[in-house]
Amino acid sequence: MIRRKLVAGNWKMNGNRAALSELVAIAAAARPDVDVAIAVPATLIIPAVASVPRLAIGGEDVHPADHGAHTGCISAAMLKDAGATFSVIGHSERRSDCGETDAEVRAKAEALHRHGLAAILCIGETLADRQSGRAVEMVVRQLIGSLPSQAAPDWLSIAYEPVWAIGTGHTPTATEVVEMHGAIRATLRDLIGGDAAVVRLLYGGSVTADNAAQLLHAGDVDGALVGGASLTAATFVPIMNAAQPANAGAGRFSRAQQNNAVDHVIAAQA
Ligand code: PEP
């Protein structure tokens, strides 16, 4: 099964309107063979969509409810109204900063789906889990707990992000990533049957231009979720380029082909 690679950025609590020029440069570097999406802080969704209407812009979190007395929160309907096409959910920083549970993450995914938005659902083990030999067990448990009803490949991607690799400069070996993605794929097969073969599995955690090619082309890795290195085009575009299939040559595509590529991203995330 050939799945198109998806390289997604996560700006976290970084960036301002001046930084939107980075998105413009990222959009200009899009190639036909790789899908690109960027999750930005809520304050930047509307100006980002206006600046790069052909790039998939998403939120970093969403509330499970559609509206109501939830001060400071943002609903899926609001994300959609702002022009977002997807959201990251269940990021480990939200699980640890805000105590988000698997059940809440599942409800967030279902809220996105109700409003026609795509989800990048994050799961990953802690260092203690890995050191105790329980990494696969913990990640599979998280997946089972947070997988939404109606999970399907046309709106859901799973990001495997070991907590100990996020922002640390440390990464698992390609073999460890392949082992974990294999366990995630097998669990998905049990839960959603044949659709599991089409769900994209992203790796996230200290992906940079230096390690992207090795991680992105490891078996069963369909893309990356990138934090720090997504903040500038200079650090993110080489990761996008590294995701290209081996037979694709950077720089040989026409503007029309690039536009087809970003149309595909928008279609894939819609
Ligand atoms: C992330 O925040 O999802 C992430 C992977 O961060 P970084 O690339 O900075 O490790």
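The values are calculated or read from the model by the stated rules, or taken from the named source; none is laboratory data. Everything numeric in this text was worked out from a predicted model, so none of it was measured. So basically every Cβ, Gly included, is an ideal-geometry build from the backbone, and we count neighbours across all protein chains shown.
Some points to look at:
- Total residues in segment 135-174 satisfying the condition of being without any contact (Cβ under 8 Å) to a residue 12 or more places away in the chain and either farther than 20 Å from residue 188 by Cβ or in contact with a His (Cβ under 8 Å, 6 or more places away or on another chain) (or both): the figure is 1.
- Odd one out for residue 182 among (1) away from the ligand (no atom under 16 Å from the Cβ); (2) buried (at least 23 other Cβ atoms within 10 Å of the Cβ): (2)
- Number of the exception - residue 205 against (1) under 18 Å from residue 29 (Cβ atoms); (2) surrounded by 19 or more Cβ atoms within 10 Å (Cβ to Cβ); (3) not aromatic (Phe, Trp, Tyr): (1)
- Comparison of 83, 99 shows that the only residue that is away from the ligand (no atom under 16 Å from the Cβ), in contact (Cβ under 8 Å) with a residue 12 or more places away in the chain, on the phi > 0 side of the Ramachandran plot and surrounded by fewer than 19 Cβ atoms within 10 Å (Cβ to Cβ) is 83.
- Residue list for segment 84-124, filter: under 17 Å from residue 188 (Cβ atoms) and touching a helix residue (DSSP H, G or I) at 6+ places or on another chain (Cβ under 8 Å): 89, 90, 102, 105, 106, 109, 118, 119, 121, 122, 123, 124
- For segment 6-41, a residue qualifies if it is part of a loop (DSSP other than H, G, I, E, B) and either touching a residue at least 60 places away in the same chain (Cβ under 8 Å) or β-branched (Val, Ile, Thr) (or both), and the qualifying residues are 11, 12, 14, 15, 29, 30, 31, 32, 33, 40.
- Taking the listed residues 202, 191, the one that is touching a helix residue (DSSP H, G or I) at 6+ places or on another chain (Cβ under 9 Å) and modelled with pLDDT of 95 or more is 191, with no other qualifying.
Let's see how each residue does on (1) crowded, with 24+ Cβ neighbours inside 10 Å; (2) under 14 Å from the mean Cα position of the chain (by Cα):
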residue: 104; (1), (2): no, no
residue: 114; (1), (2): no, no
residue: 117; (1), (2): no, yes
residue: 120; (1), (2): yes, yes
residue: 131; (1), (2): no, no
residue: 138; (1), (2): no, no
residue: 153; (1), (2): no, yes
residue: 157; (1), (2): yes, yes
residue: 164; (1), (2): no, no
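So that you can scan it fast, the table gives a plain yes or no per residue for (1) surrounded by fewer than 22 Cβ atoms within 10 Å (Cβ to Cβ); (2) under 26 Å from residue 145 (Cα atoms); (3) within 16 Å of the ligand (Cβ to nearest atom):
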position: 3; (1), (2), (3): yes, yes, no
position: 18; (1), (2), (3): yes, no, no
position: 24; (1), (2), (3): yes, no, no
position: 30; (1), (2), (3): no, no, no
position: 48; (1), (2), (3): no, no, no
position: 51; (1), (2), (3): yes, no, no
position: 95; (1), (2), (3): yes, yes, yes
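- Test: residue in segment 117-133 that is within 26 Å of residue 76 (Cα to Cα) and in a helix (DSSP H, G or I): no
- Taking the criterion of being closer than 24 Å to residue 212 by Cα and surrounded by fewer than 19 Cβ atoms within 10 Å (Cβ to Cβ), the only residue of segment 33-46 that qualifies is 33.
- Residue among 246, 261, 197, 250 that is surrounded by fewer than 15 Cβ atoms within 10 Å (Cβ to Cβ), over 17 Å from the mean Cα position of the chain (by Cα) and at pLDDT below 60: 250
- The residues listed here are 3, 31; of these, the one that is within 30 Å of residue 182 (Cβ to Cβ) and touching a Lys or Arg at 6+ places or on another chain (Cβ under 6 Å) is 3.
- Subset of segment 166-190 (residues that are among the small types (Gly, Ala, Ser) and either more than 18 Å from the chain's Cα centre (by Cα) or under 18 Å from residue 222 (Cα atoms) (or both)): 169, 174, 182, 183, 186
- Filter result (in a strand (DSSP E or B) and more than 10 Å from the ligand (Cβ to nearest atom)) within segment 142-159: 156, 157, 158
- The residues of segment 196-223 that are in a helix (DSSP H, G or I) and in contact with an Asp or Glu (Cβ under 9 Å, 6 or more places away or on another chain), listed by number, are 196, 216.
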